[in-house]
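J.: The structure follows.
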Amino acid sequence: MQFATIARVLGVLLMLFSLTLLVPIAVSLWFHDHNYLTFVIGFALTFGVGVSVWLPVRGRRQELRSRDGFLITALFWFVLGAFGSIPLYFSLGLDISVTDAMFESLSGLTTTGATIISGLDELPPSILYYRHQLQWLGGIGIIVIAVAILPLLGIGGMQLYRAEAPGPVKDNKLTPRITETAKALFLIYVMFTIACLVAYKIAGMGWFEALGHSMSTVSNGGFSSHDESLRYYDNPAILLICGVFMLIAGANFALHFVAWRDKSLWHYMRDAEFRFYFGWIVFGTAVTITVLYVSNTLNGLDSSVLGFYNLASTLSTAGFASDFNYWPSFLPYMLFILAFLGGCASSTGGGIKMIRVLLLYKQGVREINRLIHPNAVIPVKIGKISVPDRVIESVWGFFAMYVVTYIVMFLLLLMTGLDLETSFSAVGACITNLGPGMGAVTDNYGNISDPAKWILSFAMLLGRLEVFTLLVLFSPMFWRR
């Protein structure tokens, strides 16, 4: 384990993260909300610790191994989550505990969107902006790690994209170097954010709120500057814009890169995972709108707009607040379950990921066919690519650990005194990075106990880090030489 090199990387990350706190300082001064000292404290502490960690090991240039990659990836989210909580804890507009500040910070950086804060309409503009910024930074961090790092570590089937033609090719790099890959993805991410910002502004939002909500939309985070979320605006155009950009961000950013490079959209429909993703969008939207209309819950236009918006919000795991929990029949549970499917690989969406669900389905079909033809050689294919059995095994291992950890955390939440519906939905909403749950966590997570919040914070990290990346750190074998 190259601890010196790991410390150098984390020190640099902390210093870079501290620079992002200069933006909310400027926002605070612009709006005169007297909260700039909060971010000055956060900047000073974060930058100071970053320098202290980096300085002693600044000259170490050892090559990182896969185990170092696991540790850096896990520490990246936890350390930034801890330092990201400092401005929230010291904020003049909030009165929250260390636990609440940590929960809110991790929820932002993992783009979960589960909040402990109520009264958003009364918060200082700098805090509202900062919450959006946490999600936006978390979103680009997720994409870069998903495309450039996780496949190289062999995380639960993500290595499939080393050979997937429409996506990353050759060593899983869209461009020859990982740094160039990161730059290309960052540019695309910024372009989507600007496009969403302009669309929100044209639809009727003010510039400040359009900026904040575009950051939360493209990151599939779900934080809003209003307790009623986007329902506050009572504007169908805003809901449709949000739905479209949530689904775009839930698609594989490697596909967006190729579309931008080749100036063509045709390769989207050649990609098996995207076709699977698009199929669920069409199916889920059709069922939701039909049930809302037939049950007379909403009229024709409202059922179409709100049905599409809520489907997009849950499937992409953005989790913008809505009223789907109060809808009739099976709709709330169907939409909640769709969050487990989540977005595509290398997207800002959470959940199990469409590529894994597709592989699980195809493997299930293969096992049924093997019962009929025991001696047949039946490959599992994604598009024209034959998937190695090692990848299939990795996906099944991922799914098994996903279910096991879900059950364990569900039981732990029951032990804290939460009811069955709240415990089940809270773990699901956090491990899929959806955010809003059911029961006592329909609106926010402020009323649950501190132990429950720490369990759910772990669930957020577990879901965002693709389970294995975090759980491997608890293996004794990982720490052996």
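J.: Only one of these is among the hydroxyl-bearing types (Ser, Thr, Tyr), within 19 Å of Ile238 (Cβ to Cβ) and free of Cβ contacts under 8 Å to residues at least 60 places away in the same chain: Thr297, Thr285, Thr290, Thr314. Name it.
T.: On inspection, the qualifying residue turns out to be Thr285.
Listed here are the residues, each with its yes/no results for (1) closer than 29 Å to Thr290 by Cα; (2) surrounded by fewer than 24 Cβ atoms within 10 Å (Cβ to Cβ); (3) among the polar types (S, T, N, Q).
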residue: Ser329; (1), (2), (3): yes, yes, yes
residue: Met334; (1), (2), (3): yes, yes, no
residue: Ile355; (1), (2), (3): yes, no, no
residue: Ile368; (1), (2), (3): no, yes, no
residue: His373; (1), (2), (3): no, yes, no
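J.: Which of the numbered conditions does Leu152 fail, given that it passes all the others? Conditions: (1) in a helix (DSSP H, G or I); (2) surrounded by 16 or more Cβ atoms within 10 Å (Cβ to Cβ); (3) modelled with pLDDT of 90 or more.
T.: Of everything listed in (1) in a helix (DSSP H, G or I); (2) surrounded by 16 or more Cβ atoms within 10 Å (Cβ to Cβ); (3) modelled with pLDDT of 90 or more, Leu152 misses just condition (3).
J.: Can you tell me which residues in region 1-15 are part of a helix (DSSP H, G or I) and in contact with a helix residue (DSSP H, G or I) (Cβ under 8 Å, 6 or more places away or on another chain)?
T.: Ala4, Thr5, Ile6, Ala7, Arg8, Val9, Leu10, Gly11, Val12, Leu13, Leu14, Met15
J.: If you don't mind, another one. If Pro24 meets every condition in (1) assigned to a helix (DSSP H, G or I); (2) over 25 Å from Asn444 (Cα atoms); (3) not aliphatic (A, V, I, L, M) apart from one, which number is that one?
T.: It is condition (2) that Pro24 fails.
J.: So in region 226-260, with the set limited to residues that are more than 17 Å from Ser216 (Cβ to Cβ) and free of Cβ contacts under 8 Å to residues at least 40 places away in the same chain, which one is surrounded by the fewest Cβ atoms within 10 Å (Cβ to Cβ)?
T.: Selected residue: Asp234.
J.: From the list Asp33, Asp95, exactly one residue is without any contact (Cβ under 8 Å) to a residue 12 or more places away in the chain, of a type in the set (D, E, K, R) and not in a helix (DSSP H, G or I). Which is it?
T.: Asp95
J.: While we're on this one: Can you name the residue in region 295-341 that is hydroxyl-bearing (Ser, Thr, Tyr) and not in a loop (DSSP other than H, G, I, E, B) and, of all such residues, is nearest to Ala429 (Cα to Cα)?
T.: It comes out as Thr314.
J.: With under 26 Å from Ser219 (Cβ atoms), at pLDDT below 85 and of a type outside the set (A, V, I, L, M) as the only criterion, which of Gly69, Gly42, Gly59, Gly81 stands out?
T.: Exactly one residue qualifies, and that residue is Gly69.
J.: Mind checking which pairs have a first residue in region 387-400 that is more than 13 Å from Lys353 (Cβ to Cβ) and a second that is modelled with pLDDT of 85 or more and not in a helix (DSSP H, G or I), Cβ under 8 Å, 6 or more apart or different chains?
T.: Val387/Pro379; Val387/Val380; Val387/Lys381; Ile392/Val380
J.: What helices (runs of 4 or more DSSP H), lying completely within region 245-294, carry at least 2 residues that are closer than 22 Å to Pro328 by Cβ?
T.: By residue number, 272-294.
J.: Okay, next question. If you go through region 401-439, how many residues are within 19 Å of the chain's Cα centre (by Cα) and free of Cβ contacts under 8 Å to residues at least 12 places away in the same chain?
T.: 1
J.: Just a yes or no: is a residue in region 407-418 over 16 Å from Val467 (Cα atoms) and touching a Leu at 6+ places or on another chain (Cβ under 8 Å)?
T.: Yes, region 407-418 contains at least one residue that is over 16 Å from Val467 (Cα atoms) and touching a Leu at 6+ places or on another chain (Cβ under 8 Å).
J.: Scan region 103-127 residue by residue and report those that are part of a helix (DSSP H, G or I) and surrounded by fewer than 24 Cβ atoms within 10 Å (Cβ to Cβ).
T.: Leu120, Asp121, Glu122, Pro125
J.: Determine whether region 200-219 contains at least one residue that is touching a His at 6+ places or on another chain (Cβ under 8 Å), assigned to a helix (DSSP H, G or I), of a type in the set (Gly, Ala, Ser) and surrounded by 24 or more Cβ atoms within 10 Å (Cβ to Cβ).
T.: Checked against the condition, which is being touching a His at 6+ places or on another chain (Cβ under 8 Å), assigned to a helix (DSSP H, G or I), of a type in the set (Gly, Ala, Ser) and surrounded by 24 or more Cβ atoms within 10 Å (Cβ to Cβ), region 200-219 yields at least one hit.
J.: Then there's this: If the requirement is being touching a Phe, Trp or Tyr at 6+ places or on another chain (Cβ under 7 Å) and not basic (Lys, Arg), which of these qualifies: Gly307, Gly364, Gly343, Gly300?
T.: When all the criteria are applied, what remains is Gly300.
J.: Evaluate the following for Phe274: is it under 16 Å from Gly342 (Cβ atoms) and either in contact with a Leu (Cβ under 6 Å, 6 or more places away or on another chain) or touching a residue at least 24 places away in the same chain (Cβ under 8 Å) (or both)?
T.: yes
J.: So is Gly284 crowded, with 24+ Cβ neighbours inside 10 Å and either among the small types (Gly, Ala, Ser) or closer than 30 Å to Leu123 by Cα (or both) or not?
T.: No, not satisfied.
The values are calculated or read from the model by the stated rules, or taken from the named source; none is laboratory data. Keep in mind that what you see is a predicted model, and the values were worked out from it rather than measured. So basically every Cβ, Gly included, is an ideal-geometry build from the backbone, and we count neighbours across all protein chains shown.
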